[in-house]
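So the structure is just underneath, and the comments pick up after that.
The values are calculated or read from the model by the stated rules, or taken from the named source; none is laboratory data. Since the model is a prediction, treat every value here as computed from it, not as a measurement. Here the Cβ is made from the backbone with ideal geometry for all residues, glycine too, and neighbour counts use every protein chain on show. With ligands, DNA and RNA removed, areas are computed over all heavy atoms of the protein, side chains included. Shrake-Rupley method; radii C 1.70, N 1.55, O 1.52, S 1.80 Å.
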Amino acid sequence: MASFTIEGGHLLSGTIKPQGAKNEALQVICASLLTDEKVVIRNIPDIRDVNNLIQLLRDIGVKVNRLSHSDYAFQADELNLDYLESDAFVKSCAELRGSVLMIGPLLARMGKAIITQPGGDKIGRRRLDTHFLGFKKLGAKFKHIEGRSVYEIEAQKLKGTFMLLDEASVTGTANIIMAAVFAKGTTTIYNAACEPYIQQLCHLLNQMGAKISGIASNLLTIVGVDRLHGADHKILPDMIEVGSFIGMAAVCGDGIRIQDVSVKDLGIIPDAFRRLGVKIKVDGDDLVIPRQKHYEIPSFIDGTIMTLADAPWPGLTPDLLSVLIVVATQARGSVLFHQKMFESRLFFVDKLIDMGAQIILCDPHRAVVVGHDRKITLRGGRMSSPDIRAGIALLIAAMSANGTSRIENIEQIDRGYENIEARLNALGARIRRN
C-alpha cells in the first residue's frame, strides 16, 4: 500500500491546469460501446478509475488506440460476448464502480447485460435502484443467476416510455439515456440529473446520431434511432479538481492561477468558496486566487450561522464538502456543513480534529467548523485516505500543517487525481510518494 510523506508549511505559487473530468470520462468512454464505428475522446485523465475502465473495455474486445497522452480512439466492432458472461468480467466489474455505466449501452446494443454490485468509495449507501427501475420502465427483465451474486438483464427490444426518476442520480440518468437511444419510440425522463457531464454525454450522443432534447434541464426527451456512428469529443476540465485547487490556494497558496477551468461549467462552486471569505478573480477562463492573511466567513443576512449543504446540480456538489471543511478550519468565523446525500462522508473530520481543527461532528450528516483564523496551525500527523475526496482534503490539510504528515492508502487519491504529487511539487509543495 503506497503512502505520501508531506512536509507541511510551504507556501504554493504558480499556475496549475486541471485534468479532464473523471465523471464525464467514465460516461463517454462507455458510450463508445453504442456503435461499431470509431469514437475519439480527448482530454481523458490518466487516473486509476479511468484506466481500469479502459482496460475492462479492452478485455471485452474493444479496440483501444492511445493517440496521445490524453486522447484515445475506441472501436467496439468485435465485442467478446462470451467474456461478458464470464466470472472474470463479473469480478472486474465488482472492483470498479464506473463499470455500472456499461450496463445501459450493452443492454441497448446487445440486448443483454450482467449486473453485479460495483466497487468504489465507501461513503455510505449508494443504491442502484434508479438505474434498474429505469431499465424496467424501458421493458428490460431481470433474472437472478443461481450460485453467482449477479443478475442478468435482458430486453429483445427496448420501448420508449415516460419515467419520473425517484432521485436525480447522475450515473442512473446517464445509464438510462444510453439505454434509451435505441428504444423504439420516445422516452421522456423527468427529474433527470443535469450536471455538465450529463450535458456533455448528451452532446456526444447527438453528435453520434441520437435525438436528445431538453439538454441542461431535468426533463429530457429521447427519440429512439436504429444506429449510431462515430464521433470526436473533448472532455471538460474536472470541476472537482478545480474546486480542490481553489481550496489548496486558500489554505496554503501564495498566489495561484488555475488555468482553463471552463468557468461557465463550474456552477455554484466558486461562490461556495466565496461564502467562506475566499477571494477569487475570474480572468478569461482562468481563476486567480491571491494570498490572503485572513478570510472571514460572513453570517446570513438575519445573523444566523453560515450553512453550506450539498444538493443535486445546479446545487453544490457533495464531492467538494471535504475540501470546503479544510478551508473553513483556517477561516475567521463558524460554519455548519450539512452533507445530505451520503451518511458516512463526514467521518474523516476525526483526522482533522487530531490535527488540531475545531470541529463538532453533530451526527453523520452535519458538522460545525469553528475557524482558527490562522491563529492555530494544524499539526502534522499520520492518517489514511478513506475515499478520493477526503484523501485530497487531508492532503491539503497536511500541506498547510506544521511538521511532517503521512497519508496511507493513497491509491484512493490516485483514483481521481492525475500525478498529483508532481503537479503540486511544481508549485512548491514537499510531497514524497513511498
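Each Lys and Arg Cβ is given +1 and each Asp and Glu Cβ -1; about its Cα centre, the range 15-88 then shows a dipole of about 540 debye.
What does the C-alpha gyration tensor say about the overall shape of the range 349-434? Classify as rounded when a/c is under 1.5, otherwise prolate if a/b is larger than b/c, or oblate. Each step should come with its number before you reach the end.
On the way: a/c = 2.11, a/b = 1.38, b/c = 1.52.
Oblate, because a/c is 1.5 or more while a/b does not exceed b/c.
Taking a ≥ b ≥ c as the square roots of the Cα gyration tensor eigenvalues, the range 22-234 comes out rounded, since a/c falls below 1.5. Basic side chains Lys and Arg get +1 at the Cβ, acidic Asp and Glu get -1 at the Cβ, and with that the dipole of the range 22-234 about its Cα centre reaches some 360 debye. Span-like helix check, the chain: qualifying full DSSP H segments, with Cα axial length of 18 Å or more and mean Kyte-Doolittle of 0.0 or more, are 239-252, 388-400. Note on the range 150-266: Cα Rg divided by 2.2 N^0.38 Å, N the number of residues, gives 1.32.
Among 299-307, 95-103, the peptide with the highest mean count of other Cβ atoms within 10 Å heads the list, and the full ranking is 95-103, 299-307. The protection proxy used here, the mean number of other Cβ atoms lying within 10 Å of each residue, ranks peptides 242-253, 408-419, 166-177 as follows, highest first: 242-253, 166-177, 408-419.
The charge dipole of the chain, taken about its Cα centre with unit charges on the Cβ of Lys, Arg, Asp and Glu (plus for the first two, minus for the last two), comes to roughly 440 debye.
Take the Kirkwood radius over Cα pairs of the range 1-99, plug it into Stokes-Einstein at 20 °C and 1.002 mPa s, and you get 140 µm²/s for translational diffusion.
For the chain, the Kirkwood hydrodynamic radius comes to 22.4 Å, computed from all pairs of different C-alpha atoms. Among beta bridges identified by DSSP and lying wholly in the chain, the antiparallel ones come to about 70 percent.
Give the whole-number value, in cubic angstrom per residue, of the convex hull volume spanned by the C-alpha atoms of the range 57-102. Display every interim value, and only then the final one.
Numbers: hull volume 3.8 nm³, N = 46.
Output value, Cα hull per residue: 82 Å³.
With protein chains left intact and a 1.4 Å probe, residues in the chain average 39 Å² of accessible area per residue.
Surface composition of the range 22-234: carbon plus sulfur atoms hold 46% of the accessible area, using a 1.4 angstrom probe and ignoring ligands, DNA and RNA.
In the range 359-434, what percentage of the DSSP-assigned beta bridges are antiparallel, given to the nearest 5?
Roughly 50 percent of the DSSP beta bridges within the range 359-434 come out antiparallel.
Computed over the alpha-carbon atoms, the range 357-405 gives an Rg to Rh ratio of 0.98, Rh here being the Kirkwood radius from the mean inverse distance.
With the Cα gyration tensor of the range 282-434 giving a ≥ b ≥ c as the square roots of its eigenvalues, does the rule (a/c under 1.5 for rounded; else a/b larger than b/c for prolate; else oblate) give rounded, prolate or oblate?
Values: a/c = 1.35, a/b = 1.29, b/c = 1.04.
It is rounded, given that a/c, with a ≥ b ≥ c, falls under 1.5.
Cα centroid separation, the range 357-434 to the range 291-314: 21 Å.
Within the straight-line cut-off of under 27 Å between alpha carbons, the lysines reachable from K91 are K22, K63, K112, K122, K136, K141, K143, sequence neighbours fewer than 8 places apart in one chain being disregarded.
In the range 22-234, a dipole from Cβ-located charges (positive for Lys and Arg, negative for Asp and Glu) runs towards its positive end, and of I54, S32, I198 it is I198 whose Cα lies farthest in that direction.
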